[in-house]
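The values are calculated or read from the model by the stated rules, or taken from the named source; none is laboratory data. Since we're looking at a predicted model, the values are computed, not measured. Cβ coordinates were reconstructed from backbone atoms using ideal geometry, including for glycine residues, and neighbour counts include every protein chain displayed.
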Amino acid sequence: MINFNRVFAMVYRYAIYLKHNWDRLSDMFYWPALDLFIWGLTGLYLATLNANHKEYIFIILNGLIFWIIIWRVQYEINVNILSEIWDKNLINILASPLTAWEWVTSLVFVGFIKMIISLTFSATLSLIFYHYNILIYGFYLFPIIVSLLLFGWASGFLVAGFIIRFGAKIQTLAWTGVALFAPFAALYYPLSILPDWAKKVALFVPPSYIFEGMRTMLFKGYFPIDKLVIGFALNIPYLLLSLWFFVFMFNKSKKLGLGRLI
Amino acid sequence: MNDKVLEVKNLTKKFGSPAGEFTAVDNISFSLKEGEVLGLLGPNGAGKTTTIQMLLGVMEQTNGNIEYFGKPFKKFREEILKDVNFSSTYISLPWHFTVKEILDIFALLYEVPDRKKRINKLLQEFELGNMVKKQFFMLSAGEKTRLLLVKSFLNYPKILLLDEPTASLDPEIAVKIREFLKKEKEEYNVSMLFTSHNMAEVEEICDRVIILQAGKIIAEDTPEELTKQISDCEIELKIIEDYKKAVTFLDEKEIPYEKNKYNFKLKMDEKNIADFLALLSKEAIAYEEISINKPDLEDFFLDVIGGKEKYD
């Protein structure tokens, strides 16, 4: 059973970590803002080339803003695990009564909060500067976010499994791991653009259904429910598998001794 | 000091594939009684840290059982770790966090009931009271070690695993820490598993000592009993005037010695010392200075592990 006092202790630990590491604020605000300005302006320019396709900018902004959900939550899980390794604090927390599931819960919660902050910030900027409102998805916004969240957590725990097994020597995966899925998620282009082999891969990448559904909503005004359903049908087993993988790698690492990671 | 609070049976840790297997801890069994301080000694690579990691649950054993308070560690991990804590010089704490933030987090993690009071009391005890706002990386090595010790005492532990807790401390502070450890042991019956390379410290603080070598227990007893197993005392003599006579005498009698200028170092059984000095007198060999060193735990330790070079 999860002890929420201990979960709170870890959430507090990661909140303080942010307080002392202002560079981490760049992940929450600086990069999303920079992306929005560069790609938003690119979209505006493309729209001037073809007055009939003003939705160029919306497609780009849509991809940027909603990718934040996936990137943010996976990144937080992995960077916070790495922070324990960098600080040589891993043994302190794992030799305390904290359980692996309580740790996972705190990582998920911290990622969720930071995702909400980054998402709200980016959505507000895009509304102010480009008049793109993510609320156009109405009721669908909720399942869209949940579906992308599930994928973010799944990819986060997949990478976390490797980190807890191999340590800081593969830390770059925390920044780059999820990017592997981006081309197949078809953030900025329709799936039909992908080469045949990539289309087959995209069939197994849940965000591809979500982003495709969002483009349908932008162009045709409705959200295809089947895409949401397939997205969830893939995300749930992926998340369970990634959690199993993380625990499997955690136990494998424990056999070698978690002390070697610090 | 009767109840066993920790019992380790046939603990084994092997690394590597079956073809190239390396046994770090080889079938060791020992127990720790309530209020007892047990020293775990051994040269580098003897298996001390591996043993402590298994006792903390951050490394899984290949074989054997660990029981705390009569309960299997694997099954009752969370419950047991509420009453166990540790400190090691090989770990650290969040680098940029202040002393207060670090202790708050661990007090929350261990659900310490009177958090603020406990933290303040320990900070005073370890002379860190004026450091609360200092960040961890700004502390000196000794202050960092003391903070790790404060962390280890936060949850009123019944068992403490201390891996070289006084390393990098000034002698004055190290004495205070030892006094604090003794006081905690006496007042609260805290049991401790203690590793250190400072044999005088081990002799002072430990009720019992286990010596590990190549993953195996090679000696186990009280420091006094272990020391008694070595009967040879070390005699240091400074002979200037009768230097040549002394060399001839020792060579003739085939008494082994080490010589550095006019200083002679000999080892002999305590009961033979009087006869030896009488012989010197009979041969009219006068010495300017004499010191007789009784064997201590370090002598025993070096003896059983096979010499100083193995320890280094």
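Annotation note: Cβ proximity below 6 Å between a residue of the range B:25-38 that is assigned by TED's automatic domain parsing to the domain that holds residue B:162 and modelled with pLDDT of 95 or more and a residue that is of a type in the set (Ser, Thr, Tyr) and not in a strand (DSSP E or B) (sequence gap 6+ or interchain) occurs for B:25/B:50; B:25/B:51.
For (1) farther than 30 Å from residue B:111 by Cβ; (2) more than 14 Å from the chain's Cα centre (by Cα), each residue gets a yes or a no:
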| residue | (1), (2) |
| --- | --- |
| B:165 | no, no |
| B:181 | no, no |
| B:195 | no, no |
| B:198 | yes, no |
| B:228 | yes, yes |
| B:235 | yes, yes |
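Any residue at all in the range B:53-67 that's more than 22 Å from the chain's Cα centre (by Cα), closer than 16 Å to residue A:95 by Cα, in a strand (DSSP E or B) and in the same structural domain as residue B:169 (by TED's automatic domain parsing)? Looking for residues that are more than 22 Å from the chain's Cα centre (by Cα), closer than 16 Å to residue A:95 by Cα, in a strand (DSSP E or B) and in the same structural domain as residue B:169 (by TED's automatic domain parsing), one finds at least one in the range B:53-67, hence yes. Scanning the range B:25-47 for residues that are surrounded by 23 or more Cβ atoms within 10 Å (Cβ to Cβ) and in contact with a Gly (Cβ under 8 Å, 6 or more places away or on another chain) returns B:25, B:46, B:47. Scanning the range B:1-23 for residues that are in contact with a Gly (Cβ under 7 Å, 6 or more places away or on another chain) and modelled with pLDDT under 95 yields B:1, B:22, B:23.
Scanning the range B:92-118 for residues that are in contact (Cβ under 8 Å) with a residue 12 or more places away in the chain, closer than 17 Å to residue A:8 by Cβ, assigned to a helix (DSSP H, G or I) and of a type in the set (Val, Ile, Thr) turns up just one, B:102.
In the set A:145, A:136, A:69, only one residue is away from chain B (no Cβ under 14 Å) and buried (at least 21 other Cβ atoms within 10 Å of the Cβ); that residue is A:69.
Of the residues B:276, B:301, B:249, which is under 30 Å from residue B:201 (Cα atoms) and in contact (Cβ under 8 Å) with a residue 24 or more places away in the chain? Full working, then the answer.
Details: B:276 fails: under 30 Å from residue B:201 (Cα atoms); B:249 fails: under 30 Å from residue B:201 (Cα atoms).
Just one listed residue meets the conditions, B:301.
Take the residues of the range B:106-131 that are within 14 Å of chain A (Cβ to nearest Cβ) and either at pLDDT below 95 or more than 29 Å from the chain's Cα centre (by Cα) (or both): which is surrounded by the most Cβ atoms within 10 Å (Cβ to Cβ)? Top of the filtered list is B:108.
Residues in the range B:64-79: is at least one crowded, with 20+ Cβ neighbours inside 10 Å, within 18 Å of residue B:110 (Cα to Cα) and within 11 Å of chain A (Cβ to nearest Cβ)? The answer is no; no qualifying residue exists.
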